[in-house]
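The block underneath contains the structure these notes are about, expressed in structure tokens.
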Amino acid sequence: MLERERKYRLSTDETVRLTALLERDGVRERSEIQDNVRFAARNASGAGVDLRLRTVAGKQELTLKGPRLERGPSKVREEFNLAVSGDVGPFLDALGFSQVLTYRKRTSIYTIGGATVSIDDVEGLGSFCEIEATDDEVIEAVARELGLDASALEQRGYARLVKDARAAAALPASVDRTP
């Protein structure tokens, strides 16, 4: 399956505005808490490949995300999902994968204008809006309809954002953290 999405960072005010707009104009599919565990292959760079175990309401799904296939504002890559159960840790360990990070995301998922839109609150990172659709034209139209500003576009995935935030928090106070 091909995944095509854009992610926007949201302020508190923008989250409130966008949620109200989606509640009014969109179709809410569900709200859920997602516990995510990311894995990486030992002794390998793992460039462009991401393995995630997501648990929602006791159900587990293992996802393999391939490398980006296109450059531009949308993240486009192949994604493979598999429902799993039980403790998959020993299985993944036997395949050479080890756990590298965990994070929790509270999300509300809507359908609007032919796209799936989620408002995500990632613990320790803040709020984001993701738009997924089959093509960029639909994503752009929905982003315009929702009043999302291209300056808020976030190219990094949640795993990278979590890693970056944790690394920044570990720096001594005397270190300049400006980009």
Extension length gain for K59 and D121 (0.36 nm per residue less Cα distance), in nm, is 20.3 nm
How big is the charge dipole of the chain about its Cα centre, in debye rounded to the nearest 20, if each Lys and Arg gets +1 on its Cβ and each Asp and Glu gets -1 on its Cβ?
580
From DSSP H assignment alone, runs of 4+ in the chain each adding -39500 (n - 2.57), the sum over residues rounded to the nearest 500 puts [θ] at 222 nm at -7000 deg cm²/dmol
Inter-centroid distance (Cα atoms) of the stretch 2-19 relative to the stretch 61-109, Å:
21
Select one label from (i) 1.03; (ii) 1.08; (iii) 1.31: the one whose number is Cα Rg over 2.2 N^0.38 Å as derived from the coordinates shown.
(ii)
Restricting attention to the stretch 50-107, which trypsin sites (Lys or Arg not before Pro) occupy a DSSP loop and are surrounded by at most 16 other Cβ atoms within 10 Å?
R68, R71
In µm²/s, what is D for the stretch 1-96 at 10 °C and 1.306 mPa s, where D = kT/(6 pi eta Rh) by Stokes-Einstein and Rh is the Kirkwood radius from Cα pairs?
99
J(HN,Hα) series, the stretch 92-102, from Karplus relation 6.51 cos²θ - 1.76 cosθ + 1.60, nearest Hz, glycine and proline x:
5, 4, 5, 7, x, 9, 10, 5, 10, 6, 10
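Where a number appears in this text, it was derived from the coordinates with a stated rule and is not lab data. Worth saying up front: this structure is predicted, and the values here are computed from it rather than measured. Ideal geometry is used to build each Cβ from the backbone, glycine not excepted, and the neighbour counts take in all protein chains shown.
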